[in-house]
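Encoded as structure tokens, the structure appears first; notes follow it.
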Amino acid sequence: MRYGQIRQYDIANGEGIRTSIFVTGCTHCCYNCFNKEYQDFNAGSEWTDKETELIVSYVQNPNCAGLTLLGGEPFQNVEGLLPVVAAVRLAAPNKKIWAYSGYTWDDIVSDPIRLSLLKQVDILVDGRFVEELKDPSLRFRGSSNQRIIDVKSSLTADEVILAMD
């Protein structure tokens, strides 16, 4: 797995002060993507155990509300992200994990590999960014088609349950 950046303090991509991982690689190619340079699977740096240790130390900080996965496309980087998420869960089990994806809920739950990562996430912001639906007044998303989903409740109920509008 490769990544474009790690933000120790991020207040834009989820509730509270969060640590964020921007993975690289995405085939969605949304028009006016805010991270177009991260669509390239060869962009950024190679992820190592050092980065995992760094992320864990950041998330363990009492001021950090949790971890956010975005990019790029986290659900096209499942193999690399699963051990990172597992390390965070072990070190900080009460911290919330958010993931942003161009895939919809149905796309993710219908694919066993993507579902394996989804099951480790608390909040999913799903759906591609759509320029015609861009709305700067929305919290934590760029376009009105995107949903903020409570993953655990949705998996239990076998239907999408929104965490917030």
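Computed from the coordinates by the stated procedures, all read-outs in this text should not be read as laboratory data. Bear in mind the structure is a predicted one, so any value in this text is a computation, not a measurement. Using ideal geometry, Cβ is built from the backbone for each residue, glycine included, and neighbour counts are taken over all protein chains shown.
Computed values, structure above
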{"read-out": "The chain: Lys pairs at Cα distance under 25 angstrom, eight or more positions apart or on different chains", "value": "9"}
{"read-out": "Additional length obtainable on full extension of the chain from F34 to E53, 0.36 nm per residue less Cα span", "value": "4.1 nm"}
{"read-out": "Computed magnitude of the charge dipole of the chain (debye, nearest 20; Cβ of K, R +1, Cβ of D, E -1)", "value": "400"}
{"read-out": "Which of D49, D111, D165 has the fewest Cβ neighbours within 10 Å, and the rest in rising order", "value": "D165, D49, D111"}
{"read-out": "Overall form of the chain per C-alpha gyration tensor (a/c, 1.5; a/b vs b/c)", "value": "rounded"}
{"read-out": "Paramagnetic label zone (point 7 Å from Cα along Cα-to-C-beta, A87; backbone N under 19 Å) in the range 38-67", "value": "44-62, 64-67"}
{"read-out": "Cβ-based charge dipole, the chain, positive-most Cα from F41, S143, I21", "value": "I21"}
{"read-out": "Proxy reagent accessibility, fewest Cβ within 10 Å first, across L115, L90", "value": "L90, L115"}
{"read-out": "DSSP-defined antiparallel bridges as percent of all bridges, the range 2-164, nearest 5", "value": "55"}
{"read-out": "Theoretical gain in end-to-end length, L133 to A157 [0.36 nm per residue, Cα-Cα removed]", "value": "5.8 nm"}
{"read-out": "At R0 = 22 Å, FRET efficiency that the Cβ-Cβ distance of D107 and Q5 yields, to 0.05", "value": "0.30"}
{"read-out": "Dipole of the range 97-165, positive end: most advanced residue of L133, S110, M164 [Cβ charges, Cα centre]", "value": "M164"}
{"read-out": "Local electrostatic count at C64 - Lys and Arg +1, Asp and Glu -1, tallied over other residues with Cβ under 9 Å", "value": "+2"}
{"read-out": "Helix-only CD estimate at 222 nm, as mean residue ellipticity for the chain, using -39500 (n - 2.57) per DSSP H run (n ≥ 4)", "value": "-7500 deg cm²/dmol"}
{"read-out": "For R18, R7, R139, order by how many other beta-carbon atoms lie within 10 Å, fewest first", "value": "R139, R7, R18"}
{"read-out": "Chymotrypsin sites (Phe, Trp or Tyr not before Pro) restricted to DSSP loop in the range 28-118 with at most 14 other C-beta within 10 Å", "value": "Y31, F34"}
{"read-out": "Separation of the S45 and D165 label points, Cα + 7 Å toward Cβ, nm", "value": "4.3"}
{"read-out": "Span from the the range 93-165 Cα centroid across to the the range 1-51 one, whole angstrom", "value": "17"}
